[in-house]
Amino acid sequence: MNNISFKLVTPERTVLDQELVSLTCPTTLGQITILPGHASLVATLIPGELHARTGKDDFYIFVSGGFVQVNPNSEVIVLADSAEHHHEIDLKRAEEARARAQKALTEQKLSDEEYAKVAAALERSTGRLNIKRKHSHRKNPLAGEAVFKE
Amino acid sequence: MPGIKELKNRIKSIGSTRKITRAMQMVSAAKMRKAQNAALNSRVYSDLAWELIHNLAQKTHLENPLLQVFPEATKTGIIVISTNKGYVGSFNTNLANKIKETEGVVENVNAELFVMGKKIKEYAVRLNKNLAADFPKSDSLATVESIYPLAKLVSDLYKTGEYKFISIVFNKFISTINQKPVARQLLPFAESYIKDSHFVAPKNPPTEYLFEPDPHLVLDNLLPRIIESQIYQAILESDASEHSARMVTMKNATEAAEDLISDYTLTYNQLRQNKITTELAEITAGKIALE
């Protein structure tokens, strides 16, 4: 049992529940990679790409912020605000969302709160697009197995 | 014994009531499926978040206003999630009983209610309870943003140090025919006042967590999120319970209407038959008299 038992959950669903050999995730201090036997840790996530390796398959998942928690016995839990597999990202929708956010930032007068909200939305949609573009040639590693659908 | 015409009218009016209750049953059934899915899917998240915070809360060296305990405080806050509409059976009565129970857990404290949903507000006003805040409850699926004000209010109040504990009372969804009123303690994390299976017992020895970037920043981000997620989960559970309860209540009403209709129809037919028999007898008697 030299694997990480990994769970990625969002308020909407459980996105991934798998044994992993390593996990790379974007935190406020930069990317960190967690290997089995990592010290207990709690860190804040920023929008970006989460890379999970099972040794056989690779998962590229967009997370829009949240927390990563490493427990003893190589148990890793990611509590994400929202998360999508790269093959689930809708390119057209993400592009539209980014265009909307950019437009709102440049054109409208926003209060500080609204500005932060739109800026965060822009960051999220840009992150989403980058991941989609980067991995668009890849297939869904679990295609055919209805693992992510309820 | 009601007359024939009266019976006919009554059958008709019960028939239209049945139509209404059946329609409400269908609507609730559709809403119920949606609400149940939402509640079940987010349960994993809120449970994991809850576990995490209890693992962290045992560290006494962590400093955050929300991690403090105020044993000397004289107030307690109870958040109650109810419904806007009735027709849900004993849903809100059960809730009211649970509030009473929660108020009495700790002696010599003043309970303040933070209500969500019209029904429980009416109850609080009627019984002259100490109503601290009344939040509107949306009839559609709740969004996370909609609970920020409530979460912020209770966290800010807790930080003042006047509250011994903050709890949340709602109907937990167990199955379509079973909902259980529960009281959960939201704050403080470290000490349990309410007997609650949800309270996570401290692990021994406690795990020492590293924090990145540093404990303050992480906790400042994490604690409000966890309180929000618990309140949000409570609303989802309550919604799922509400629609399930209403669906079942309406189903019972429809069935009761059907029973009544068949009863009345039988009586109506008997009366009608009696009338025909009497008339026939009269006609025959009249004919005999003429001969």
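The values are calculated or read from the model by the stated rules, or taken from the named source; none is laboratory data. Just so it is clear, the model here is predicted, and its values are computed rather than measured. Heads up, the Cβs are rebuilt from the backbone with ideal geometry, glycines too, and the neighbour counts pull from every protein chain shown.
Among the numbered conditions (1) away from every other protein chain (no Cβ under 14 Å); (2) outside any helix (DSSP H, G or I), the only one that B:Leu62 does not meet is (1).
Residue count for region B:146-172 under the criterion of being touching a strand residue (DSSP E or B) at 6+ places or on another chain (Cβ under 6 Å) and not in a helix (DSSP H, G or I): the result is 11. Where strands (runs of 3 or more DSSP E) sit wholly within region A:30-106, those with at least 1 residues that are touching an Asp or Glu at 6+ places or on another chain (Cβ under 6 Å) occupy A:41-53, A:58-71.
Taking the criterion of being within 12 Å of chain A (Cβ to nearest Cβ) and either more than 18 Å from the chain's Cα centre (by Cα) or in a loop (DSSP other than H, G, I, E, B) (or both), the residues of region B:1-45 that qualify are B:Asn41, B:Val44, B:Tyr45.
Can you work out which of the residues in region B:251-272 that are among the hydroxyl-bearing types (Ser, Thr, Tyr) and within 12 Å of B:Gly3 (Cα to Cα) is surrounded by the fewest Cβ atoms within 10 Å (Cβ to Cβ)? Out of the qualifying residues, it is B:Thr267. Among the residues making up region B:30-41, none is touching a Ser or Thr at 6+ places or on another chain (Cβ under 7 Å) and either of a type in the set (Val, Ile, Thr) or without any contact (Cβ under 8 Å) to a residue 60 or more places away in the chain (or both). Looking at region A:5-16, is at least one residue under 18 Å from A:Lys56 (Cβ atoms), more than 14 Å from chain B (Cβ to nearest Cβ) and not acidic (Asp, Glu)? The answer is no; no qualifying residue exists. When the residues of region B:214-247 are narrowed to those that are surrounded by fewer than 20 Cβ atoms within 10 Å (Cβ to Cβ) and away from every other protein chain (no Cβ under 11 Å), which ends up farthest from the chain's Cα centre (by Cα)? Applying the filter and picking the extreme gives B:His216.
Give the residue that is nearest to A:Asn71 (Cα to Cα), with candidates limited to residues of region A:24-43 that are more than 8 Å from every other protein chain (Cβ to nearest Cβ) and touching a residue at least 40 places away in the same chain (Cβ under 8 Å).
It comes out as A:Ile34.
Checking B:Val106, B:Val69, B:Val44 one by one, the residue that is touching a residue at least 12 places away in the same chain (Cβ under 8 Å), under 30 Å from B:Glu212 (Cβ atoms), out of contact with any helix residue (DSSP H, G or I) (no Cβ under 7 Å at 6 or more places or on another chain) and surrounded by fewer than 20 Cβ atoms within 10 Å (Cβ to Cβ) is B:Val69 and no other. When each of A:Leu110, A:Leu91, A:Leu50 is tested for being farther than 22 Å from A:Leu129 by Cα and more than 14 Å from chain B (Cβ to nearest Cβ), the lone residue that passes is A:Leu110.
A:Phe67 meets each of the listed conditions (1) within 14 Å of chain B (Cβ to nearest Cβ); (2) at positive phi apart from (2).
Just one of (1) at pLDDT 85 or above; (2) touching a Lys or Arg at 6+ places or on another chain (Cβ under 8 Å) fails for B:Pro65. It is (1). Kindly indicate whether any position in region A:75-83 is at pLDDT 80 or above, closer than 25 Å to A:Val21 by Cβ and acidic (Asp, Glu). Among the residues of region A:75-83, at least one is at pLDDT 80 or above, closer than 25 Å to A:Val21 by Cβ and acidic (Asp, Glu), which makes the answer yes.
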